[in-house]
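Notes for the one structure printed next.
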Amino acid sequence: MGKVALAIHGGAGTIDRNRMTPELEREYRSGLEEALRAGWAILEKGGISLDAVEAAVCSLEDFPLFNAGRGSVFTHEGRQEMDACIMDGHDLRAGAVAFVKNIRNPIKLARLVMERTEHALLAGEGANQFAEQMGLKTEPDEYFFTEHRWLQLQEAMAANRVQLDHAAARPVGTVGAVACDTKGRLAAATSTGGMTNKKFGRVGDTALIGQGTYADDTCAVSCTGHGEFFMLGVTAYDVAARIKYGDLSLESAARESLYRLTSIGGEGGLIAVDPNGNIAMPFNSEGMYRGIVSHGMQPITEIY
């Protein structure tokens, strides 16, 4: 049996220390710490990794400063379109949703896709109809309105650009979690609101299995950053492939995958865990909101 472990992230990108007040930093860290507690409460009682990553990501989705769930960025039309994916490495199952609306916790819907349908990915109105059939909790538009996200949209529209969620004054991003439980089983989960001012039903890497999210018996991976490049690099699966076929350690595989991402112009980071509870969290941006906890250690959160 390996070491029980949990890692989370709240996005990677340009994190300006000059704009990060002590009060705001405490807020971010409190959000990360709450998510770690939610996931760890399951793992330390012998619960499964799949439940732990879902709980951790739900906590991050409920926290308004991260770009997922309640804190999701605005599209060009002034709405939220959210993506999420969850994967169980123990039996190689996954579920994902893309551009869903008004779902309080998209990661819960992704798990329902995995467990209650024969599909792996549902999108748009069909995914929302499925959520209604399952009785999943929804929220009105007002629940998802945050002032700083609205200001980001106005800035992006004025400049006629689509921007990463962390490319404005309040740096935040895609959220995710990876875990190893007492039996060495692995799971990964990722959730996002995408890019500010996005148009035409854009979908990033988060909901695409093997690109932004992946788990098997070698590792579990959750990515964050400029999604188009993670799609081109098939980055989440690339980490697993380097371990499986290249006989690399988790740390080496994660860093080589990130180096490949950098070589094609991608920015961001990833978190990964293996069946022995080893954790890797490389990133090539100025910072990545992240946290870890494992057996015998206190929770740790980092930003820069």
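The values are calculated or read from the model by the stated rules, or taken from the named source; none is laboratory data. It should be emphasised that the depicted structure is a prediction, and the values quoted were computed from it without experimental measurement. Every residue, glycine among them, receives a Cβ derived from its backbone with ideal geometry; neighbour counts consider all protein chains shown.
So the values come out like this:
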{"quantity": "Total residues in the stretch 206-223, condition surrounded by fewer than 24 Cβ atoms within 10 Å (Cβ to Cβ) and small (Gly, Ala, Ser)", "calculated": "1"}
{"quantity": "Count - residues of the stretch 60-86 that are under 12 Å from the mean Cα position of the chain (by Cα) and either in a strand (DSSP E or B) or over 19 Å from ARG202 (Cα atoms) (or both)", "calculated": "8"}
{"quantity": "Filter pass, ALA7 being modelled with pLDDT of 95 or more, within 20 Å of the chain's Cα centre (by Cα), surrounded by 24 or more Cβ atoms within 10 Å (Cβ to Cβ) and in a helix (DSSP H, G or I)", "calculated": "no"}
{"quantity": "Any hit, the stretch 159-170, residues being outside any helix (DSSP H, G or I), touching a helix residue (DSSP H, G or I) at 6+ places or on another chain (Cβ under 6 Å), closer than 21 Å to ARG202 by Cβ and at pLDDT 90 or above", "calculated": "no"}
{"quantity": "Any hit, the stretch 119-130, residues being in a helix (DSSP H, G or I), hydrophobic (A, V, I, L, M, F, W, C), crowded, with 20+ Cβ neighbours inside 10 Å and modelled with pLDDT of 95 or more", "calculated": "yes"}
{"quantity": "Selection count, the stretch 52-71, where residues are within 12 Å of TYR143 (Cβ to Cβ) and either free of Cβ contacts under 8 Å to residues at least 60 places away in the same chain or surrounded by 24 or more Cβ atoms within 10 Å (Cβ to Cβ) (or both)", "calculated": "4"}
{"quantity": "Residues of the stretch 239-256 that turn out to be out of contact with any strand residue (DSSP E or B) (no Cβ under 7 Å at 6 or more places or on another chain) and either surrounded by 23 or more Cβ atoms within 10 Å (Cβ to Cβ) or under 15 Å from GLY176 (Cβ atoms) (or both), as a count", "calculated": "1"}
{"quantity": "Given (1) surrounded by fewer than 23 Cβ atoms within 10 Å (Cβ to Cβ); (2) basic (Lys, Arg); (3) part of a helix (DSSP H, G or I); (4) in contact (Cβ under 8 Å) with a residue 12 or more places away in the chain, index of the condition ARG26 fails", "calculated": "(4)"}
{"quantity": "Any chance VAL221 is in a helix (DSSP H, G or I) and among the aliphatic types (A, V, I, L, M)", "calculated": "no"}
{"quantity": "Condition check for GLY47: in contact (Cβ under 8 Å) with a residue 60 or more places away in the chain and either crowded, with 24+ Cβ neighbours inside 10 Å or farther than 22 Å from PRO106 by Cα (or both)", "calculated": "no"}
{"quantity": "Out of ALA131, ALA110, sole residue that is touching a residue at least 40 places away in the same chain (Cβ under 8 Å), closer than 20 Å to GLY193 by Cβ and of a type outside the set (Val, Ile, Thr)", "calculated": "ALA110"}
{"quantity": "Selection status of GLY266, crowded, with 21+ Cβ neighbours inside 10 Å, touching a strand residue (DSSP E or B) at 6+ places or on another chain (Cβ under 9 Å), among the small types (Gly, Ala, Ser) and farther than 21 Å from MET20 by Cβ", "calculated": "yes"}
{"quantity": "Considering residues of the stretch 269-304 that are touching a Cys at 6+ places or on another chain (Cβ under 6 Å) and among the small types (Gly, Ala, Ser) only, the residue surrounded by the most Cβ atoms within 10 Å (Cβ to Cβ)", "calculated": "ALA272"}
{"quantity": "Residues within the stretch 212-233 that are over 24 Å from GLU286 (Cα atoms) and either free of Cβ contacts under 8 Å to residues at least 24 places away in the same chain or of a type outside the set (A, V, I, L, M) (or both), tallied", "calculated": "5"}
{"quantity": "Hey, SER257 among the polar types (S, T, N, Q) and touching a Ser or Thr at 6+ places or on another chain (Cβ under 6 Å) or not", "calculated": "yes"}
{"quantity": "Condition met for ALA12 (outside any helix (DSSP H, G or I) and crowded, with 23+ Cβ neighbours inside 10 Å)", "calculated": "yes"}
{"quantity": "Subset of the stretch 248-264 [closer than 18 Å to TYR214 by Cα and either part of a helix (DSSP H, G or I) or acidic (Asp, Glu) (or both)]", "calculated": "LEU250, GLU251, SER252, ALA253, ALA254, ARG255, GLU256, SER257, LEU258, ARG260, LEU261"}
